[in-house]
Each structure stands twice: as structure tokens, then as C-alpha cells.
Amino acid sequence: MRSMSGVVVRKWRDGSDTLCMYTNYLLQAVLNAAFAKNHQYYFVNTPRTWKKAQAVCRHKYTDLATITNKADVAAVVTTTSSYTGKAWIGLNDDLLNGWKWSLSDSSYYVEGNTTYRNWYPGYPSSYITQQECVRMYAYEYSGRWFDTSCISLFPFVCYNGEVNGSPSFIFRTESLNWTDAQKFCRENYVDLASVRNQTENDIIRNLIGYAEAWIGLYWDKSWSDGSSSVFRYWANYEPNHYPGSYNSPKCIAASYSDSGKWSDEDCRGSLPLICYRNDFHPSEQNETSITLQWSKVNNSVSFVLQFNGTETSISAPDGDGPVTYTVSSLTAGTKYTFTLFSVFENIWSSGEQLTTATAPLNADGFRSSGQDQTSITLQWNKVNNVVSFILQFNDAELTFSGQTGDGPVTHIVAPLTVGTEYTFTLFSVFENVWSSGVSITASTAMFNAPFAQNHQYYFVNTPRTWREAQTICRRDYTDLATITNIKDVAAVVNTTSRYTGQAWIGLYDDMINGWRWSLSDSSFYGEGETTYRNWYPGYQNIYQSTQTCASMYGFDSYYRWYGYPCTNQLPFVCYNGTFSHGGTDKLSH
């Protein structure tokens, strides 16, 4: 018989079971040690942005590399002998989701209240480099929050459990740094205070009176796979960036020429990547089966696989290769949890768990529903349980979520070349598992007579502030570019083939009425055209303390728009008030 702890206990004739228990514990420890494997790392010498590197690793392996100790560093360095540059790992500045509460017990929070924030305007600050911690300031600032270096000294507020169904908070007047305050609260109470709503914020504000005090919120770099490892292996003078307030997060790369040490890099840059795979992992997934793979311990050790209430015994195969086992008759697009035990002489290891999924169904009805000279509209039906899709064409890879509500998913691909045939492959994705994919071929339209009408735009490659660019465009043309639809986007792109950076367009935030176009002539616009937007997700209002204007950026963003301080100097695009089927490249003014 196997006990719940996995240890077999037999009585000796004298009634003693101590020796047998010790032997079994020892055997189980040996099995666990033999079965436990460090991450297996893989170098992929195909440069990608960090986000695309993450998608590649999650699709083909487990995730971008998580590195938890110097043994992992050594394993990473040995993944290639022919490359001496830098490569992405999984650590990154997740400025939006990197804020965490010291008290991590999920039962303490209900949906949504881990994200309550009461920042003072302009905070969190623009100079996050490493760990930042949060203090509440009651006097003058009405309990608003400020982030500051965790080594600063402040009083602090501890959480001491619930009393009559309400949280109990303790204010400590001694000044400690955030880490020491956390340690004190955990040793004497429960933890530093989490603030889940405005009511709790008001309670703490009244408790601390005129003081400033630490609460339990902090920010730190995050691992792609969600690991909580605090191991860091920085190169000299790293990290050395100032990412700003939600505007320019950095991602971390390991250097093969510097013993695997780390530096922070622009996430939009292209580098090779380092992926990892757990020893116990899925080696193949389709709609109805998952093939699992893991390393042998030795020929005398067998395995037991548990899932969905079943238990399967698996013998170690001959030879030196890994063990593989295929679980069949599964449901498409469904998560499954497997637990694998190694077994020797009826002694079970403590087990290793893996949660993975079958591939989702391909989207059906994938078709071209329309095209013009510079764009093709694609449409397909939704897939149950699928939260995203990946569209591949021309060496590009677009990732986007399925639309809410009923009806098909629609996506416009632009800008494209006139009269050109394109092949599109669509994958549905569930839990980072891709479907087998479905492909179609479609072409953009040729120009017909009379020519298709787009607004005529001019690219001016002379960097100016937004206000200076507006003055030049109004003097020499009509105004800064107004963009009212995807055709206009394509026309702006076609004004130059020699520039790939940011350029001002006519959209600006007037700080009172929101985003408006520089060209205010109402006769210029048709119904709904003043509200067309092509923002890159999350980059509309990233600067909180200065007036923001819109720039268009082509590199790796498919000509999306970014909010940018109006006082920065960029090239710009003007509109001349007439119509044409093409733009003009004016490289200097």
C-alpha cells in the first residue's frame, strides 16, 4: 500500500517501523533528486522583438528563459558556441502589471480589488529602474499614493487579520525601509497592508494622521512565465535605463560574451532568443491528443501518470532516449493537468505536475470579404474557447484577440501593394497552443480609371516640434495630416520608402476636450471620420504630465499611432487640400 505521502510503512517483528520509514524516505528523496531537472535551455538564432520572442518560445517550448541561479546561467551560456552577442531572456519591465501586493494570498482578494490604486496625479513616477515601493501620504494629499525607492525610511502600516469581518490595520511609527517593514509585519502581524478599495484607503489615511507610511504595494521586474525568482545577474552598470511612466519598458538580454550577464534593452529591438523547456513537457499537441515527454531516471525506475481520475503505469524504455507517452481521445481546445511519478520498489516520488492543452479547432469560413488597392479585408468565424488568433503573411505575424459579441471576426490588412497577390495563414490559439492553421490567397485591386481618391500627403524629413510642424504645414500646404480611414494610413505610408521612424500627424490632445485634429474645417470630414483612430494598444495616454500629440510609427507596429510629448522633434506629414492616388516624398523642406 502507498500512503498519501507516498511512503510505504511496514512493521518489523518487534513492532518498530522507524528503519523502514527512514529507508523509504531516503529512497523517495533519491527519486525526487533524480527526477528533478533544471530547465533545458535552447538558443534560437532568429532575431525577434521581445514580444515576438515570447510568442515563439511559448509556441515551440515552454517560455522565454527563466534563470534562477548561477547553474542556470552556466547552462544558458553553453547553448551556443557560435554566437557572442546578446539574446533575450524572460525578465522584463512589465510597467502595467508589475505592481504587486506583499500579501500574495489569493483568498484575501476578490476579482478586481488587487488592482485598486489611489495614485497622486503624475505617479507612479517616471524613473523606475529597479524595485519601487509605495507610501501613502495622508496630510495635504488625502491618502494618495507615491512610489519611491524602497531603501527610503518611513513609518508603515501592517495588516493584522480580520476582526468582526473587517480588516484590522496597525500603524507603526518607527521608520524602516520597505523590506525591513515587510519583515517586521510578517513576524509580528500578517503582512504589510494591502489596500483593496476606497473604504480601506480611508481607514488607513485616518489611522496614520499627518504621516507618510509604507503600504504593501511594490514594483519589480517580472518573468515571462510568472516565476517569483528574485535572482539577478546584472553586468556592470546595469540596469541603467529610465523607462518613464508606462512609455518605454525595457526587456532583459543575456550576453554570451560577458559570461551570461544581463543588460536592459529596448523591447522593440531585434535579438536572438533563449527559450526553456521543462523536463516534463508536451512534445506534440493536436486537437485530440497530447504527447508527453520526460527524461529517464534509470532502467529500474518506472513511472505512473495520473490525469482525469485515471492512473497509468509506464515502463522505462530501453536505450538512452527520453520517455514519450501519448494521451488520446481528448477534446479540442481543452486544458488538462497531468501528474507524473517515478517509482522504484513501490516507492513513489512526490510527483511533477504539468498543465497543458490540446490544440483548438481551426477557424472555419476563413475568406477575403473585400479588397481595394492597398488593403484586404479578411473574415472568419469564431472558435469556442479561443481567446486569440495569429495571422501570418509576408514574413509578418499579427496577434490579436477575437471580437466580442456575435458574428464573424473581421480584420483589415493594410497597407499593401497595389495589384499584388498575398497568402494568409490563420491559426487559432488556446493556452499558447496553435491550431494546424488554414490558408487562403487573395489579391489587392489594380488602379482603375478614374483613379481611386486618397488625400494627398507630403512627408517632410526635417525634425520639428509638433507646433512648429503645424506652422510649416499651414504655411506651405493646408495643415498637418488628418487621417480618417485605413486608406489614408496607406497613403501616408507611401509618401516615403526611406524613413522608418516616428512622424507627427495632425492629432493632438488639447487637455480639456481630448484628442482633436489640427485641421478643424468641418467640411473636410464625412460622418464619423473625425473619430478614426489607429492607436498602438496602451500608448494613447502614456505621458501624464505634458501635452501629448500623435505620431505614426511603422517599425513593428503596422503604422500604429503613439502619444508623444509635443515638444519633441520629429519629421512630419502634411496634407495639401487636394486629392490624388499617390503621395509625394519631400525629403527636405
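Read the figures in this text as sums done on the coordinates, not as results from a lab. This one's a predicted model, so the numbers in the text were calculated from it and none came from an experiment. Don't worry about glycine lacking a Cβ; one is built from the backbone with ideal geometry, like all the others, and counts go over all protein chains shown.
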Tell me which chymotrypsin sites (Phe, Trp or Tyr not before Pro) from segment 193-244 have a DSSP coil assignment and no more than 15 other beta carbons within 10 Å of their own. Y210, F231, Y237
Rounded if a/c is under 1.5, else prolate if a/b beats b/c, else oblate: with a ≥ b ≥ c from the C-alpha gyration tensor eigenvalues square-rooted, which is segment 251-304? oblate
Rounded, prolate or oblate for segment 99-220? Axes are the square roots of the Cα gyration tensor eigenvalues, ordered a ≥ b ≥ c, and the cut-off for rounded is a/c under 1.5. rounded
Tally Lys/Arg at +1 and Asp/Glu at -1 over every other residue whose Cβ is under 15 Å from the Cβ of G161; what's the total? -3
Note down the nm distance, to one decimal, between modelled labels 7 Å out along Cα→Cβ at R498 and at S270. 2.2
Pop a pseudo-label 7 angstrom from the Cα along the beta-carbon direction at both S295 and N69 and give the gap in nm to one decimal. 1.4
What translational diffusion coefficient, in µm²/s and rounded to a whole number, does the Stokes-Einstein relation yield for segment 367-443 at 37 °C and a viscosity of 0.692 mPa s, taking the hydrodynamic radius as the Kirkwood radius over Cα pairs? 253
Checking the cross-link filter: which aspartates and glutamates have an alpha carbon closer than 16 Å to that of K60, excluding same-chain neighbours under 8 positions apart? D225, D279, E284, E397, E431
Please give the Cα centre distance for segment 43-101 versus segment 210-228, rounded to the nearest Å. 22
What full-extension length gain, to one decimal in nm, is calculated for W535 and S82 as 0.36 nm per residue of separation minus the Cα-Cα distance? 159.1 nm
Excluding residues on the same chain fewer than 8 positions from K382, give the aspartates and glutamates whose Cα lies under 14 Å from its Cα. D364, D406
Students often check this: by mean Cβ neighbours within 10 Å, which of 197-204, 416-423 ranks highest, and how do the rest follow? 197-204, 416-423
Whole angstrom only: what separates the Cα centroid of segment 471-533 from the Cα centroid of segment 369-392? 27
Pairs beyond 25 Å (Cα-Cα), from K100/K183; K183/K221; K51/K296; K183/K261; K52/K261: K51/K296; K183/K261
At 0.36 nm per residue, and after removing the present C-alpha to C-alpha distance, how many nm does the segment from S259 to K335 gain when stretched out fully? 23.5 nm
